[in-house]
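First comes the structure, then the notes that go with it.
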Amino acid sequence: MIFETHAHYDDEAFDEDREELLACLPESGIGRVVNVGSSLRSCRQTIELMERYPFLYGALGVHPSDSAELDEESIRWLREQCALEKCVAVGEIGLDYYWDEPDREIQKNWFLLQLALAREVGLPVIIHSRDAARDTIDLMTAEKASEIGGVIHCFGYSREVAKIFLNMGFYIGIGGVLTFKNARKLKEVAEYVPMDRIVLETDSPYLAPVPNRGKRNSSLNLPHVAQALAEIKGLSREEVEQITWENACRLYRMKE
Ligand code: NI
């Protein structure tokens, strides 16, 4: 069975067939899914999905690109929802200097406050960090993120940066990009990161792996990512699925 650690099934890309698609995941080898909130609206939708599907869990938080919508009241609301039994993480939170909006100071402020929220409620964090390695590391260090724990999702930096996050005790999320021909840097990272610190993710509906690159992504594509990782690690696909399942359970502090 595969543990999907990061998907966005609340996305409008799934409006046509969400129910059919989610219903078929367990019988297709996707044993657990964490649906990740990225805005307050998507957090509300994530809670609905958590209530509806036994195999689906939720992460609640606001993505840096949407962080301008946050205020004290919404943080209070998030804190309350984090107490839900099936909420397993705070996320996705972080910094995105690729899109570079809203203003970096706004992104940093809400990243710090959501790190503090995770500490307060005792949940790990799902970090989104794009073109912002230095500031991400600095803020995580300032907030003692090593005591909070979590995953760097859709990892896109170098081996050297991976080492810093590994030293903080974080997991590295790897998805469809690993199957891309031009993904030399990520393949090096996958080779470098110890097998017990890697988790599988899609970031659906984005970043579908080869041979479905460019199409809408779903957790059904994860075997392609597991296969690519198996080849790099010299393991069987089944071994990769088993080990990453155990890793995801440790990351999200769930029973196997
Ligand atoms: Ni995401």
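Of note:
- Peptides ranked, highest mean first, by Cβ atoms within 10 Å: ranges 117-127, 6-16: 117-127, 6-16
- Taking 0.36 nm per residue of separation and subtracting the current Cα-Cα distance, fully stretching the chain between Ser146 and Arg253 would add 37.0 nm.
- For segment 1-155, size of Cβ-based charge dipole, Lys and Arg +1, Asp and Glu -1, in debye: 680 debye
- Out of every Cα-Cα pair that the chain contains, those further apart than 32 angstrom amount to 14 percent.
- Take the Cα of Arg119, step 7 Å toward its Cβ, do the same at Arg184, and the gap between the two points is 4.1 nm.
- Along the axis of the charge dipole computed for the chain (Cβ charges of +1 for Lys and Arg, -1 for Asp and Glu, origin at the Cα centre), the listed residues Leu123, Ser218, Ser236 are led at the positive end by Ser236.
- Over all other residues within a Cβ to Cβ distance under 12 Å of Gly29, the charged ones net out to -2, with Lys and Arg as +1 and Asp and Glu as -1.
- Whole-Å distance, taken between Cα centres, linking segment 1-32 and segment 153-183: 23 Å
- Computed from the C-beta positions of Glu191 and Asp138, the FRET efficiency with R₀ = 22 Å rounds to 0.20.
- Difference of contour (0.36 nm per residue) and Cα-Cα distance, Leu235 to Glu72: 53.9 nm
- Exposure ranking of Arg197, Arg76 by accessible area [1.4 Å probe, largest first]: Arg76, Arg197
- Taking each residue as 0.36 nm, the span from Ala23 to Glu160 lengthens on full extension beyond its C-alpha to C-alpha distance by 45.3 nm.
- Net charge in the neighbourhood of Arg159 (other residues with Cβ under 11 Å of its Cβ; Lys, Arg +1, Asp, Glu -1) is 0.
- Non-local Lys pairs in the chain, i.e. 8 or more apart or on different chains, that have alpha carbons under 18 Å apart: 10
- Under-5 Å amide H pairs with Ile30, H placed in peptide plane, nonlocal only: Ile2
- Exposure rank, largest accessible area first [Cys249, Cys154; 1.4 Å]: Cys154, Cys249
- Efficiency of FRET from Cβ geometry, Arg44 and Lys215, R₀ 30 Å, rounded to 0.05: 0.65
The values are calculated or read from the model by the stated rules, or taken from the named source; none is laboratory data. Just so you know, these numbers come straight off a predicted model, no measurement behind them. Ideal geometry is used to build each Cβ from the backbone, glycine not excepted, and the neighbour counts take in all protein chains shown. Accessible surface is based on the protein model in full, side chains and every heavy atom, while ligands, DNA and RNA are left aside. Shrake-Rupley method; radii C 1.70, N 1.55, O 1.52, S 1.80 Å.
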